[in-house]
1. Is the shape of the range 169-306 rounded, prolate or oblate, going by the alpha carbon gyration tensor and its root eigenvalues a ≥ b ≥ c, with a/c under 1.5 for rounded and a/b larger than b/c for prolate?
2. When the scattering of the range 91-173 is computed by the Debye formula from its Cα atoms alone, each counted once and equally, what is log10 I(q)/I(0) at q = 0.16 Å⁻¹?
3. Remind me, relative contact order of the chain in percent, using alpha carbon pairs under 8 angstrom and six or more residues apart?
4. Sort out for me the Cα centre separation of the range 244-278 from the range 182-243, rounded to whole Å.
5. What would the Debye formula give as log10 I(q)/I(0) at q = 0.22 Å⁻¹ for the alpha-carbon point model of the range 139-199, no solvent?
6. With everything on Cα atoms, drop me the angle between helix 8-22 and the longest principal axis of the chain, reported from 0 to 90° to the nearest 10.
7. For the range 254-386, what ratio Rg/Rh do Cα atoms give with a Kirkwood hydrodynamic radius?
8. If you wrap a convex hull around the C-alpha atoms of the chain and split its volume per residue, what is the figure in Å³?
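Derivation of every value follows stated rules applied to the coordinates shown; laboratory data play no part. Owing to the predicted nature of the structure, the values given are computational and were not obtained by experimental measurement. As a convention, Cβ positions derive from the backbone with ideal geometry for all residues, glycine included, and neighbour counts pool all protein chains shown.
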C-alpha cells in the first residue's frame with residue numbers, strides 16, 4: 001500500500017472517522033459542552049469522583065465513541081492453534097502473555113476492534129490492552145490492593161492514548177503509564193506484566209499449546225480488517241495530540257520503550273532493524289534487544305494480513321545464572337547467537353540450540369509503540385541511537 005501523505009486537518013478527519021467505525025453499531029457519540037469548563041464532553045453518565053484527579057481534566061479529549069462505545073471483551077473465548085490457523089496469516093501480529101508458565105495469544109486483528117480483554121490466566125486476573133492510535137500493547141494485573149478490577153473504554157483520549165475506566169469505582173486509568181489519574185483510585189498503579197508481539201508463525205512455533213482468543217466475541221466486527229488503514233505513516237500527525245510531537249524522531253516512528261526503575265529509554269526501529277541484537281545496559285541491568293523483521297503492521301493496509309512488515313522487538317536480561325552473555329546476529333532473521341557458548345536464541349528469549357538449549361532469558365517489560373506517545377508521557381526519555389549514541 002502506498003504510504004498516505006496528508007495534511008494535519010485531513011489526518012484528524014480520517015482518524016475521527018475510523019474511531020467511529022471501530023465503535024461498530026453504537027448510536028451515541030461523545031460531545032457536548034465541558035462541564036464546569038473543565039472536562040471536555042461533560043460528566044453525564046459517570047459515577048466517577050471528578051474532584052480527585054492527578055492531571056488537568058481539560059487534557060481528556062473525546063475520541064468520538066462514548067463510554068464503552070468500543071466494547072471491551074469481558075467473557076473471552078479461546079480456540080486451539082489449529083482452529084486459529086484458519087483465520088490468521090503467518091505474518092500477522094499477535095500479543096502473547098505468559099503467566100506462571102502458561103501462554104495465551106491475543107490476535108491484534110481482534111484487539112484493534114475492542115482495545116481491552118478482561119481475562120484470567122493461570123488463576124491470575126489480567127487485562128490485555130491495545131491502543132491503535134499509539135500502537136501500544138500493554139498487559140496488566142487486574143488486582144489492586146486485594147481488589148479485582150475489570151476495565152472498559154471511556155471514549156476519551158489523553159495525548160492520543162487510551163483512557164480506561166474500572167467498573168468497580170469508575171476511576172480513569174491511563175494505558176501507557178498504568179496509573180489511575182481520575183477518581184477515587186487516583187495515584188494507584190497497575191502492575192505491568194511482560195508481554196510480547198509475535199508473528200502468528202512464531203506463536204505456532206514457540207507456543208504450540210497456547211490458547212488463542214476466538215473471533216467468537218459476542219460482537220459483530222469485521223475481524224481481519226483494519227479500521228485505521230494508513231494511520232501508521234511515520235511522518236503523519238497523531239490524532240488529538242494537543243502539543244507538537246517531540247521532534248527527536250518522526251511522530252510515528254516505531255520504538256521499543258523500556259522503563260527500569262528511574263531509567264526510561266527507547267530504541268527506534270530504524271536502528272533496531274539494522275543492529276539487532278543490541279547489547280546494552282539499562283539502569284544497571286545488562287539487557288539485549290532482539291528483533292524479528294517478519295511481523296506485519298496492524299495499522300497499514302485495510303487487510304492486516306496484506307500490510308507491510310514492520311517487525312517487532314523484545315527486551316531481555318542477558319544474564320544466565322549470574323553469567324553475562326553478549327549476542328550477535330543468528331543465522332536466520334529473528335534469531336541471535338551468544339558469543340560465550342555459541343547457543344542460538346529465538347525472539348522469545350529461549351535458547352533453541354547449543355549448550356544452553358532450553359534456557360530462557362528473563363523478559364524485561366517493554367512495548368513497541370509510536371514515538372510521539374512515549375515522548376508525551378515521558379518527555380525526559382532517552383533515545384538510544386546508532387551504536388550506543390543517545391539524545
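1. Since a/c stays below 1.5, the shape of the range 169-306 is classed as rounded.
2. -0.62
3. Over the chain, the number comes to 17 percent.
4. With the range 244-278 and the range 182-243 each reduced to a Cα centre, they are spaced 19 Å.
5. Debye curve over Cα of the range 139-199, log10 I(q)/I(0) at q = 0.22 Å⁻¹: -0.86.
6. The helix 8-22 is inclined about 90 degrees to the chain.
7. 0.98
8. It is 136 Å³ per residue.
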